[in-house]
Amino acid sequence: MSITLDQLNDAPIGEAAKLLDGLYEHSPWIAQQALTARPFASLAQMKHAMARVVAESGRDAQLALIRAHPELAGKAMVSQSLTAESALEQNKAGLTQCSPAEFEKIHQLNAAYNEKFGFPFILAVRGPRGTGLSRQEIIDTFERRLQGHPDFERAECLRNIHRIAELRLNDKFGVAPTVGNMVWDWHEELAQFSDPGYREKGQLTVTYLTEAHRACAAQIHAQMLDCGFDEVSLDAVGNVVGRYRSGNKEARTLLTGSHYDTVRNGGKYDGRLGIFVPLACVRALHAQDRRLPFHLEVLAFAEEEGQRFKATFLGSGALIGQFNTAWLDQKDADGITLREAMTGAGLPIDDITKLTRNAADYLGFVEVHIEQGPVLNELDLPLGVVTSINGGVRYLAEVIGTACHAGTTPMDRRSDAAAAVAEVVLFAEQRALRDGDSVATVGQLLVPNGSTNVVPGRCQFTLDMRAPIDAQRDAMVNDVLTELAAICERRKVRHTLEETMRAAAAPSAPQWQQRWEQALSTLGVPLHRMPSGAGHDAMKLHEVMPQAMLFVRGQNAGISHNPLESTTSDDMQLAVQAFSLLLDQLASES
Ligand SMILES: [Zn+2]
């Protein structure tokens with residue numbers, strides 16, 4: 001018999017705790033404490049309440065919780081003394097069918113992990129889709145995490161414990177994220193297309209207008225039709241455009257979408273999640289034969305990452321009239337020009353100018369995107385509302401001192417260019433930290449023609465500084481450049497500075513941000529507002545219409561632009577629900 005949320009909310013506390021028995025391995029105190037926060041509006045809210053109990057329980061209780069778990073494919077599994085829940089999970093992941101070599105490998109890893117960290121390795125072996133990781137995936141993850149820092153590993157074990165509890169909770173309540181599973185599977189299906197050289201290695205790379213890229217467009221095109229869009233087309237830059245018409249012909253249009261190209265050896269969810277989430281919503285609307293009082297236009301942008309050609313945001317840029325025809329002569333690594341690539345793909349270059357949207361026809365732009373950072377993962381929150389896409393400034397700089405003999409020049413007579421830059425690096429780090437949500441990075445440091453026995457005479461470096469508000473960024477930039485000048489003065493070196501990039505911050509339109517926040521509140525997902533450190537298509541549309549973004553938690557500490565990028569079908573389900581709620585809300589306003 002499945003439990004219902006009403007039943008859990010209404011039951012006396014002892015009885016309610018009994019209903020949640022076995023959720024956290026041999027640790028009933030977590031559910032017991034969380035239940036004092038009843039009533040819960042949703043399972044998402046309850047999960048977060050339990051995660052908070054663990055987060056606030058202190059280090060000893062956390063370690064005890066981790067140690068209450070059995071080893072993977074360990075003695076308890078072999079002697080069949082696991083809890084019913086653990087037995088099911090290890091069985092589902094196929095651990096009971098390990099070959100002798102796999103058993104031996106996992107046995108060694110268990111021993112090494114325990115030796116290094118003093119607690120057992122915890123992995124939610126049912127995985128992000130809930131259907132079980134492969135044995136190879138389990139072993140690979142085990143080997144990778146064995147290299148982790150102890151503090152990180154303790155937190156990662158706890159996050160996996162919360163994921164295990166989430167899946168056990170779904171079982172208890174007899175619920176499954178069926179829409180999330182479908183969206184998760186769509187990502188898998190699209191990830192089968194990858195550029196040559198990467199496909200063979202099982203890596204995902206889809207760059208502008210390659211065969212794999214065009215296959216992705218065709219697949220998304222077919223999927224849009226399948227979901228019930230009224231019009232689907234491929235535009236002059238390769239964007240796939242789907243329109244779900246309003247019942248009212250004169251209505252304005254809500255624009256949404258994200259990109260389907262990837263970085264080299266990238267993740268499956270970056271960009272694509274923002275295409276598939278609205279597709280799932282249209283699929284549901286179509287199934288109910290329901291029309292919205294506004295048109296919905298979903299864009300699968302062809303290019304955002306700037307991998308094959310230097311031009312970036314080619315897909316969304318074209319919608320705001322920013323396609324620069326000078327780009328057509330840019331060549332890729334094989335000497336193929338953008339013009340040749342576009343003509344070869346049958347794209348009508350002359351029609352690009354016609355893609356510019358009339359902003360007055362649009363209500364605004366919303367975009368769902370995987371966070372690509374660790375924040376939501378650390379907070380145990382599935383969704384986050386974006387306040388602003390950070391504005392950035394980049395510099396290419398050089399400090400010039402005097403190259404001289406490393407043996408004969410006394411320390412107080414040197415003009416060491418690299419040592420001066422080292423001070424700048426540390427200052428920039430501290431200065432950005434002081435704002436809380438600014439970031440500053442020296443990504444390149446080079447001593448040209450440097451030698452072991454020569455005091456560096458020159459040091460070239462880059463500076464990348466970003467903040468959610470332009471004024472905040474400019475204040476930081478000003479401080480860092482002032483300090484650079486002061487350091488150079490004190491160290492008797494000089495410097496040059498060249499600004500190579502400046503992009504304005506794109507704050508979310510308050511009314512649209514509010515709609516996402518309302519959706520989260522309805523879902524019972526605690527609200528977390530955050531800036532976007534990375535650039536997104538929404539940044540381009542921001543130039544002509546109001547926009548706001550929703551972030552979805554990434555697994556593996558939120559890593560992105562990496563094959564380890566991942567998110568669960570449960571989180572995807574919540575993203576689809578949030579998007580549907582935003583549509584409902586907008587419908588009720590008009
Ligand atoms: Zn992206």
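Here are some notes:
- Loop-resident chymotrypsin sites (Phe, Trp or Tyr not before Pro) (DSSP state other than H, G, I, E or B) in the range 136-218 with no more than 16 further Cβ atoms inside 10 Å of their Cβ are absent.
- With a Förster radius of 35 Å applied to the C-beta separation of GLN322 and GLN511, the computed FRET efficiency comes to 0.90.
- Sequence-distant lysines (8 or more away, or on other chains) whose Cα lies within less than 30 Å of LYS201: LYS92, LYS105, LYS268, LYS310, LYS331
- With both labels modelled 7 Å from their Cα along Cα-to-Cβ, the ARG199 to GLU143 distance reads 2.6 nm.
- Whole-angstrom gap from the range 347-375 to the range 124-146, using each part's C-alpha centre: 36 Å
- Span-like helix ranges in the chain, DSSP H, alpha carbon extent 27 angstrom or more, Kyte mean at least 0.0: 417-435, 569-589
- Simple spin-label estimate for ASN449 and ASN562 gives 3.8 nm between the two label positions (7 Å along the Cα-to-Cβ direction from each Cα).
- Amide H contacts under 5 Å for GLY391: ALA467, ILE469, ALA505, ALA506, restricted to partners 5 or more places along the chain or on a different chain, H placed in the peptide plane at 1.01 Å from N.
- Potential extension, THR4-ASP584 segment - 0.36 nm per residue separation minus Cα distance: 206.3 nm
- Distance (nanometres) between label positions extended 7 Å along Cα→Cβ at LEU433 and CYS404: 3.3 nm
- Computed helical MRE - 222 nm, the chain, DSSP H runs ≥ 4 contributing -39500 (n - 2.57), nearest 500: -13000 deg cm²/dmol
Just so you know, all these numbers are worked out from the coordinates, no wet-lab data involved. As the structure is a computational prediction, the values presented were derived from the model and not from experiment. In this analysis, Cβ positions are derived from the backbone assuming ideal geometry, glycine residues included, and neighbour counts consider all displayed protein chains.
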